Amino acid sequence: MKEITDLSIDEAKVELEYLAHEIAKADSAYYQNDDPYLTDSEYDRLKHRNTDIEARFPTLIRPDSPSKRVGAAVKNGFAKVVHTFPMLSLGDVFSIDEVADFVMGVKRFLNTADDIAFMSEPKIDGLSFSARYENGIFVKGATRGDGATGEDITENLKTIRQLPLKLPTGVPEVLEVRGEVYMSKADFFALNEKSAAEGKKTFANPRNAAAGSLRQLDPKITAERNLSIFAYTWGEVSARCWNSQADFFNHLRDWGFPINPNNTLCTNLKEIEQSFNRLMEIRAELPYDIDGVVYKVNSITLQERLGFLTRTPRWAIAHKFPAEQALTRIDDIRIQVGRTGALTPVADLEPVNVGGVMVSHATLHNEDEIKRKDIRIGDTVIIQRAGDVIPQIVGVRLDKRPVDAAEFIFPATCPVCGAHAIREEDEAVRRCTGGLSCPAQAKERLIHFVSRDAFDIAGLGDKIIESFYAEGILRNPADIFTLENRNSGDDLFSAAQGLHLERREGWGKKSVDNLFQAINAKRTISLPRFIYALGIRQVGTATARLLAKNYSRFTDFMQDMINKETGKLVSIDGIGVSMATDMVEFFQEPHNINIIKALLEQITVEDFVDSSRTDSPLSGKTIVFTGTLERLTRSEAKAKALSAGAKVAGSVSKNTDYVVIGTDAGSKAAKARELGIKTLNEDEFLNLLQ
Ligand code: IVH
């Protein structure tokens, strides 16, 4: 089965039709005839596939889509809502320099030196909502969820008095207004006071209180809490009647939505900075929490040209306020051993509240960092938390250092397996040399293998892996797929005993069956997921995708790596020598090869068919750009090539299909001619994109 991201629009359409048909057939077998022929997991797989394809191709959602029946099926919890337009998040920056870089990047992308107007908006610290209106009537409310699918909170949103339920005539037929639900500081304190008096649980901060109040299965409870909203963006709209963010705010105001009074249109970086400083100043006096400022390119035409990265728009960014800080004491320093053997020191702290969150651990990164900051056990330190990042130790309060504060001696052996821990030249980290014989590494690799972006086996949580590892039930990834066979393997003659997981405390037949189902559902896996799951150092999801795209078949990739053949590898734009070295090293390790072989006997790795747009003549082709283009910036050109299904490489080789030559092109153009590779000028390239 193809990855959703690789489906062309035509393929998606055909598959959605097929899925609607199959699911309807299965439904009728189950509900009408009491004679199901699909297992629950097979059925779920079809349903998920359907929602996932719809999330990527919202325009293809069929009137008879199975996702529309979700509402009735869900008994516990909220029904799911597929966002016809995904609810995105924003990239974060923490300094005005980074904002300047962002603005520069926007200008470069658009190839202009002129100032660009940005809307500056307080970043409300609540949770986002989407409110759908059809013919001016509020019909559906949803949370953001994972951005593609949220929860149906229609009834809960209706209880918020600021949300208009009926819009004036003349609004677009379909209109999704999005914004933030929040609780004011005053309402938060009042709620906590009341809860405390009644002996009920209190909330750590207004954001949690808002989330806890909105996501109530009983909307009566939501109604009792005072929730507020600000509207700031849109989702699906049948006919957009605004051409800038400022214009949109005017409409929102006319339609009766609360909009933030501090939204300001800025015409240059200086004004952006002023708006930020002003909001910092008034932050404490505002009746609600804000955690930064959002800047959005004002013109919708420019927004459309800029487009999106994977999960965030290129035309907006969140400028977060500086981190919140607190003082606390270091009780101890421990060493954690990660998947790649890295020894990471972690400080155990006297628990402390940092900006609304209790913090009891902080990473110390590596031994140099401890030395540089001269951090000792017993020290009082300044902890900070910025945005969602893990807490950091900013520095030590030497004036509070106890006389007996002990310096931390970094171990030269792995605290888990006792193997030597060595630090290679130009590496900041010390690594355990135990490899997979080190229980910590083996365990972390298993955890990585089943994690969400890898095999995504939800039934195998960290705790289970830990105990299965300790008991020898799971020692490497291949063991996962033999678990079911080993479970019931009683043999009267040889006295071999099955594992009988169902006899474990807290387990039963049902939970064991569910686990096997979850595992069996992953016996076919896409190439990018498989590569990522191997846990090769430096190979994250993006790199795994790049590799899949360029090699198409796992065996081809593996053969090259085993033969230390890195020519093709390093010609890929985005893969450097250090990464290539790590990949080759991984495949020189016999243990890794053995595990991969054992795995391939159990599972199928799908070939990667790159068909983001098979109808494009550039699809599957490798392109190299050189020289300056006139009508497109380099980033725009690359983005266009990628979305036409091409691969973009950094250097010319015999694998290159086209070299696009701008003015002042250098050696790459010469190399292309030398190798007889087809060259294109900018116009020819644009024509091929059409
Ligand atoms: S715009 C594509 N505007 O911040 C644009 N978001 O990190 C999507 N937020 O999920 C969001 N105030 O919950 C936008 N004025 C504002 C915002 C805002 C708060 C939240 C929102 C979003 C998150 C993104």
- Could you say which residue among 248, 276 is closer than 15 Å to residue 177 by Cβ, surrounded by 19 or more Cβ atoms within 10 Å (Cβ to Cβ) and within 14 Å of the ligand (Cβ to nearest atom)? 248
- Message: within 30 Å of the chain's Cα centre (by Cα) and within 16 Å of the ligand (Cβ to nearest atom): which single residue out of 335, 229 fits that description?
- Response: 229
- Among (1) surrounded by 15 or more Cβ atoms within 10 Å (Cβ to Cβ); (2) at pLDDT 85 or above; (3) over 27 Å from the mean Cα position of the chain (by Cα), residue 648 falls short only on (3)
- Looking for whichever is of a type in the set (Ser, Thr, Tyr), within 30 Å of residue 104 (Cβ to Cβ) and crowded, with 20+ Cβ neighbours inside 10 Å here; the options are 232, 288. Which one fits? 232
- Item | Unmet criterion (only one of (1) modelled with pLDDT of 90 or more; (2) within 16 Å of the ligand (Cβ to nearest atom); (3) surrounded by fewer than 20 Cβ atoms within 10 Å (Cβ to Cβ)) for residue 205 | (1)
- Residues (farther than 18 Å from residue 417 by Cα and among the basic types (Lys, Arg)) located in segment 467-489: 486
- Determine, yes or no, whether residue 326 is part of a strand (DSSP E or B), away from the ligand (no atom under 16 Å from the Cβ), within 30 Å of residue 425 (Cβ to Cβ) and among the small types (Gly, Ala, Ser). no
- Can you tell me which of 195, 184 is more than 28 Å from residue 53 (Cα to Cα), surrounded by fewer than 16 Cβ atoms within 10 Å (Cβ to Cβ) and among the hydroxyl-bearing types (Ser, Thr, Tyr)? 195
- Task: Would you mind telling me which numbered condition in (1) touching a Ser or Thr at 6+ places or on another chain (Cβ under 8 Å); (2) over 23 Å from residue 339 (Cα atoms) residue 579 fails?
- Result: (2)
- Positions within segment 135-171 being hydrophobic (A, V, I, L, M, F, W, C), in contact with a Phe, Trp or Tyr (Cβ under 8 Å, 6 or more places away or on another chain) and under 19 Å from residue 86 (Cα atoms), in sequence order: 139, 142, 153
- May I ask you to list the residues in segment 556-569 that are surrounded by fewer than 16 Cβ atoms within 10 Å (Cβ to Cβ) and over 15 Å from residue 531 (Cβ atoms)? 563, 564, 565, 567
- Being loosely packed, with under 15 Cβ neighbours inside 10 Å, at negative phi and in contact with a helix residue (DSSP H, G or I) (Cβ under 8 Å, 6 or more places away or on another chain) narrows 630, 636 down to just 630
- Options 348, 291, 368, 331: the member that is part of a helix (DSSP H, G or I) and of a type in the set (Asp, Glu): 368
- Query: Among 457, 447, 465, which is surrounded by 15 or more Cβ atoms within 10 Å (Cβ to Cβ), under 23 Å from residue 596 (Cβ atoms) and free of Cβ contacts under 8 Å to residues at least 60 places away in the same chain?
  - Reply: 465
- Long-range neighbours under 9 Å by Cβ, at least six apart or interchain, first residue without any contact (Cβ under 8 Å) to a residue 60 or more places away in the chain within segment 177-204, second loosely packed, with under 13 Cβ neighbours inside 10 Å and small (Gly, Ala, Ser): 202/196
- Task: Scan segment 279-318 for residues that are within 14 Å of the ligand (Cβ to nearest atom) and among the acidic types (Asp, Glu) and jot them down.
- Result: 289, 291, 304
- Message: Being within 12 Å of the ligand (Cβ to nearest atom) and without any contact (Cβ under 8 Å) to a residue 60 or more places away in the chain is the filter here; which residues of segment 251-269 pass it?
- Response: 259
- Flagged in segment 99-156 as acidic (Asp, Glu), within 16 Å of the ligand (Cβ to nearest atom) and either free of Cβ contacts under 8 Å to residues at least 24 places away in the same chain or on the phi > 0 side of the Ramachandran plot (or both), in numbering order, are 146
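The values are calculated or read from the model by the stated rules, or taken from the named source; none is laboratory data. Because the structure is predicted, anything quoted here is derived from the model rather than measured. Please note: Cβ atoms are built from the backbone with ideal geometry, for glycine as well, and neighbour counts cover all protein chains shown.
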